[in-house]
Amino acid sequence: MEEASSPLRCFRESHSFELFSDDGVQTVTSKEQRKVECSIQEVYSVYQQIHTSPQPTLLREQHYHYLKKGLRHLSDAYECLDASRPWLCYWILHSLELLEEPVPAAVASDVCQFLARCQSPTGGFGGGPSQHAHLAPTYAAVNALCILGTEEAYKVINRFHICFEKLLDFLYSVKQPDGSFVMHVGGEVDVRSAYCAASVASLTNIITPTLFDGTHNWILSCQNWEGGLGGVPGLEAHGGYTFCGTAALVILGKDHMLDLKALLRWVTSRQMRFEGGFQGRCNKLVDGCYSFWQAGVLPLLHRALFKEGDSTLSMSSWMFERKALQEYILLCCQNPGGGLLDKPGKSRDFYHTCYCLSGLSIAQHFGNKDLHNELILGRDENRLAPTHPVYNICPEKVARAIEHFHRLPVPVQTGPTLSAMDQS
């Protein structure tokens, strides 16, 4: 394991040279950027005053208690996420597995039973019990169940469960003639839905010969002149959509068809010079969640470029400043009472906790089980479990789920069933 050497970036005199310059032309965007930099500079300044010998610390115990409480009880503030309840399960469970905290068997069983109630009679999962099926909570529910990895969890989406064959029906019902997917019947099209469908289908072994006809070409059309991917063809490149499109193409075996060098240039340009974290789009502010959505693209790009025979690739590090990202997450994104956040001054939540920790894991771990290098900023106890860069659950959970579902045959189906067509 490689240890990140001192001093921290924020301790160096040269760090102030990385502050944003508006070249004498102030805009709303530049003013907001300066405000964020000032708040981060204040955090770094206070840290320097308190810690003469810097050892950034991951507040593991506080995060664990915050997550543990959230799995059983949510405050009224989460009422607005009533249609995202499988997401809450996934965000919390994935955060716990990154912290290598076990989920008690009784709690795991309760989660399984709850997610089973979110499963729609027409296939897929809704955002809560009795809600319409939607690709986003379907992705979250399947990931959560794969994290639990018990027989009970697999049986919620098992072929022998009454609703399992309906999962494929649901995917066909939201498939569009051009290869794209809508999020739900009658819903919006964007590249997230293609990723959710590809992720769910590949984990559960229900990819049929026609399910993803045309999908890779539609995703490729979302890559724009910037190099990143937009939500649909012609839109501005965005970190979340870029990850989803790239990961979906990896699943479909078509990632080599992207303009990889343009994508690499765009993603690496999103790491902020002063803050160390990532922004989601050009001229936007740093946000802790992009620690995963942007940094998570780099392992996928590394893999694709390696397969193309790129001899300039590092064999020990992803192509971003890993120490800088860890520094931003550990110093600027932790709530002292547990949970992680967007940036200083923002509130903690389970979404940012999940994706800040996921990005921290990406920054700590390079390679795979055959070639693995770790770079841990601060204490050894800061080390998180690795996360799979395509599915964003731990690699052993991916392997276990794939092994389980690949014992079962792929459903014989070449197009939408009558039940699926009835919904459209």
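Below are the figures for this structure:
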| read-out | value |
| --- | --- |
| Cα shape, segment 253-319, gyration tensor, a/c 1.5 rule | prolate |
| Viscosity 1.002 mPa s, temperature 20 °C, Stokes-Einstein D of segment 1-77 from Kirkwood C-alpha radius, µm²/s | 133 |
| Packing-based order for 121-130, 273-282, 236-245, using average beta carbon neighbours within 10 Å, highest first | 236-245, 273-282, 121-130 |
| Residue order, fewest to most beta carbons within 10 Å, for 9, 117 | 117, 9 |
| Per-q log10 I(q)/I(0), segment 1-150, q = 0.13, 0.20, 0.21 Å⁻¹ (Debye; single scatterer per alpha-carbon; no solvent) | -0.82, -1.10, -1.18 |
| Segment 296-376: translational diffusion in µm²/s, Stokes-Einstein, Kirkwood Rh over Cα pairs, 25 °C, 0.890 mPa s | 177 |
| Where only alpha carbons of segment 177-250 are counted, the Rg and the Dmax (Å) | 11.6, 35 |
| Mean Cβ neighbour count within 10 Å, used as a protection proxy, ranking 324-335, 353-364 highest first | 353-364, 324-335 |
| From the coordinates shown, percent of Cα pairs over 28 Å apart corresponds to which of [x] 57; [y] 49; [z] 62 | [y] |
| For 206, 157, order by how many other beta-carbon atoms lie within 10 Å, fewest first | 206, 157 |
| 16 Å Cα-Cα reach of residue 166 towards lysines, excluding residues that sit fewer than 8 places from it in its own chain | 155, 175 |
| Rounded tilt (10° steps) of 395-406 against the dominant C-alpha axis of the chain | 10 |
| Over segment 65-147, volume per residue of the alpha carbon convex hull, in Å³ | 86 |
| Kirkwood-based shape ratio for segment 250-290, expressed as Rg/Rh from alpha carbons | 1.09 |
| Net +/- balance of residues flanking residue 342 in space, Cβ distance below 11 Å, scoring K and R +1, D and E -1 | +1 |
| For segment 82-210: span of alpha carbons on each principal axis (Å, largest first) | 44, 28, 27 |
| Equivalent ellipsoid semi-axes - Cα gyration tensor, segment 239-377, angstrom | 26, 16, 13 |
| Peptide ranges 16-24, 365-373, 36-44 listed from the most packed, as the mean C-beta count within 10 angstrom indicates | 36-44, 365-373, 16-24 |
| Helical mean residue ellipticity (222 nm; -39500 (n - 2.57) per DSSP H run of 4+; nearest 500) of the chain | -14000 deg cm²/dmol |
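No value in this document is a laboratory result; all are computed from the given coordinates. Not measured: the values here are computed from a predicted model. Methodologically, a virtual Cβ is constructed for each residue, glycine included, from the backbone with ideal geometry; neighbour enumeration extends over all protein chains shown.
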